[in-house]
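Working notes for the structure below.
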Amino acid sequence: MSKACQRLRALLPARPTKSALQAPVFSCPKGDERERPLGQPAPSATQVQDPVDQQLLERIEAARWHISRYDSLRGSVASRASFVITANAALIAGVALLAPQTIKEQVFGGRPSLVLIAIGAAVTLALATSSIASAAGAFVALKTWRKLYGDEPPRSLYYQHTDTIREFPQYTPFRENFELATRSQELTWATVNLWVILQTHAYRYRFLRRSIRMLRYGVTSFTVSVVVALILVAMGR
């Protein structure tokens, strides 16, 4: 007991009167209360963290961290797909310049040489078109994730918009279910969403790799066509 408490207790009457019995009884604060800042309420019983509840919270936060991470990776895949499309646009523009310029020149071998250059240009255009189509698949899937990955995972409410809208097309049941949701349910929903994001990232990354592969083939085809065209034009002069 501190000295201040002892002095305050000494000021109280030894035998409380009737009016004193109606007043609040003074008691010295305990150790944890003395350390609490002034005005801060004492923790209630509901604020004491349950170990199981704490473990659920940690798992939910871990799932959210991974979800945010793979969202960033999906964004980087989309950025690289945009670069691939830009590169293919430049490749198509190069083919569009190569063909008219070659036709205007006197080419060695005549028409067969022109046909050969035209085939090379057509192959380049076909590869560039295929690369653009694959890069478009890296932006967004043409099918829902249920059609892509099956019905094995349970519903992922509030994390997957398709499941949520299908389950709660109206606002009132949406709000009521959200307010009554438990942390165990949220952990399940977050885990399903994390699995879907992993699958979606791998799905889109396959399209990105295919588009880059087609772009490389297109650049090779265009380079060969330009070299052949330059050689034939030089030999025809």
Next item on the list: In whole Hz, with x marking every Gly and Pro, tabulate ³J(HN,Hα) for region 105-120 from phi via Karplus 6.51 cos²θ - 1.76 cosθ + 1.60, θ = phi - 60°.
Entry: 8, 7, 9, 5, x, x, 4, x, 5, 5, 5, 5, 5, 5, 5, x
Check: Please identify the trypsin sites (Lys or Arg not before Pro) of region 82-152 that satisfy two criteria: DSSP loop assignment and at most 14 other Cβ atoms within 10 Å. Which are they?
Finding: Lys143
Check: Going by how many other Cβ atoms sit within 10 Å of their own, how do Thr102, Thr86 line up, fewest first?
Finding: Thr86, Thr102
Check: Along the positive direction of the dipole of region 80-166 (beta-carbon charges: Lys, Arg +1; Asp, Glu -1; about the Cα centre), which of Thr102, Thr162, Ser134 reaches farthest?
Finding: Thr162
Next item on the list: Give the Cα extents of region 48-91 along the principal axes, in whole Å, largest first.
Entry: 64, 11, 6
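Taken together, the values in this text are just the output of simple stated rules run on the coordinates, not laboratory data. Given the structure is predicted, the values throughout are model-derived calculations rather than measurements. Neighbour counts run over all protein chains shown; Cβ positions are idealised from the backbone, glycine included.
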